[in-house]
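S.K.: Structure provided below as structure tokens; questions to follow.
The values are calculated or read from the model by the stated rules, or taken from the named source; none is laboratory data. Given the structure is predicted, the values throughout are model-derived calculations rather than measurements. Virtual Cβ from ideal backbone geometry, glycine too; neighbours counted across all protein chains shown.
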Amino acid sequence: MPTRDAFAAGALAAVLSGLPSTAHALARRRDPLEATRAAGSLLLPRETRTLPLVAAAVPVHVALSLGWALALERLGVRGAGRGAAAGLAIAVVDLGTVGRRFPRIRALPLAPQLADHVLYGTIVGTVLARRD
């Protein structure tokens, strides 16, 4: 069932796709919750406290992850390579277009965020290919 496949792919990617930026933050001795708070700022742009921002980040991240997975499924993205390319395209929208309007997202190191998006797309493309 296509929609079920997209949700399975998006859910797995939602859980794993933050690994590159988290590893980067830990390696650089930066706060690993920085990107999570930035995601929460999409809903709570004036909030500065960690707990409300993390709580707001959960539905934002889930909605974006599932929504993009559904879009990729409908566009016929299958396989790791096509998924990775789609992840880069999503990064252009997420980080380059929408995210530029939000200071906390704009302040994130770009390379780890790109890596998160590539991993996201790779996971979604791989799961969709395997479930076909």
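S.K.: Any idea which of (1) within 19 Å of residue 88 (Cβ to Cβ); (2) crowded, with 16+ Cβ neighbours inside 10 Å is the one residue 67 doesn't satisfy?
M.R.: So the condition that residue 67 fails would be (2).
S.K.: Here's a follow-up. For the structure I just gave you, tell me whether residue 21 is surrounded by 20 or more Cβ atoms within 10 Å (Cβ to Cβ), closer than 27 Å to residue 5 by Cα and in contact with a Gly (Cβ under 8 Å, 6 or more places away or on another chain). Full working, then the answer.
M.R.: Working: surrounded by 20 or more Cβ atoms within 10 Å (Cβ to Cβ): yes; closer than 27 Å to residue 5 by Cα: yes; in contact with a Gly (Cβ under 8 Å, 6 or more places away or on another chain): no.
Considered against the rule, which asks whether it is surrounded by 20 or more Cβ atoms within 10 Å (Cβ to Cβ), closer than 27 Å to residue 5 by Cα and in contact with a Gly (Cβ under 8 Å, 6 or more places away or on another chain), residue 21 comes out as no.
S.K.: Any residue in segment 32-47 that is at pLDDT 95 or above, among the basic types (Lys, Arg) and buried (at least 16 other Cβ atoms within 10 Å of the Cβ)?
M.R.: Taking every residue of segment 32-47 in turn, at least one turns out to be at pLDDT 95 or above, among the basic types (Lys, Arg) and buried (at least 16 other Cβ atoms within 10 Å of the Cβ).
S.K.: Additional query: Identify the residue in segment 118-132 that is at pLDDT 95 or above and more than 12 Å from the chain's Cα centre (by Cα) and, among all such residues, is surrounded by the most Cβ atoms within 10 Å (Cβ to Cβ).
M.R.: The residue in question is 125.
S.K.: Follow-up question, since we're still on this one. Looking at residue 124 and the list (1) under 21 Å from residue 35 (Cα atoms); (2) out of contact with any Leu (no Cβ under 6 Å at 6 or more places or on another chain), which single condition is not satisfied?
M.R.: All conditions are met except number (2).
S.K.: Could we say that residue 111 is loosely packed, with under 15 Cβ neighbours inside 10 Å and in contact (Cβ under 8 Å) with a residue 60 or more places away in the chain here? So that I can check it myself, show each step before the final result.
M.R.: Numbers: loosely packed, with under 15 Cβ neighbours inside 10 Å: yes; in contact (Cβ under 8 Å) with a residue 60 or more places away in the chain: yes.
Here the answer is yes, as residue 111 does meet what is asked.
S.K.: Determine whether residue 50 is among the polar types (S, T, N, Q) and within 30 Å of residue 130 (Cβ to Cβ). Walk me through it before giving the result.
M.R.: Details: among the polar types (S, T, N, Q): yes; within 30 Å of residue 130 (Cβ to Cβ): no.
When the stated conditions are applied, residue 50 does not pass them.
S.K.: Still on this structure: Mind listing whichever residues of segment 71-84 are surrounded by fewer than 20 Cβ atoms within 10 Å (Cβ to Cβ) and either acidic (Asp, Glu) or out of contact with any Gly (no Cβ under 7 Å at 6 or more places or on another chain) (or both)?
M.R.: Scanning segment 71-84 gives 71, 74, 75, 76, 81.
S.K.: Still on this structure, please answer the following. List every residue pair whose Cβ atoms sit under 8 Å apart, with the two residues 6 or more apart in sequence or on different chains, where the first one lies in segment 79-102 and is farther than 23 Å from residue 127 by Cβ and the second, anywhere, is of a type in the set (Ser, Thr, Tyr) and surrounded by 13 or more Cβ atoms within 10 Å (Cβ to Cβ).
M.R.: The qualifying pairs are 102/41.
S.K.: While we're on this one: List the helices (runs of 4 or more DSSP H) that sit entirely inside segment 1-100 and contain at least 1 residues that are touching a Pro at 6+ places or on another chain (Cβ under 7 Å) and among the aliphatic types (A, V, I, L, M).
M.R.: 19-27
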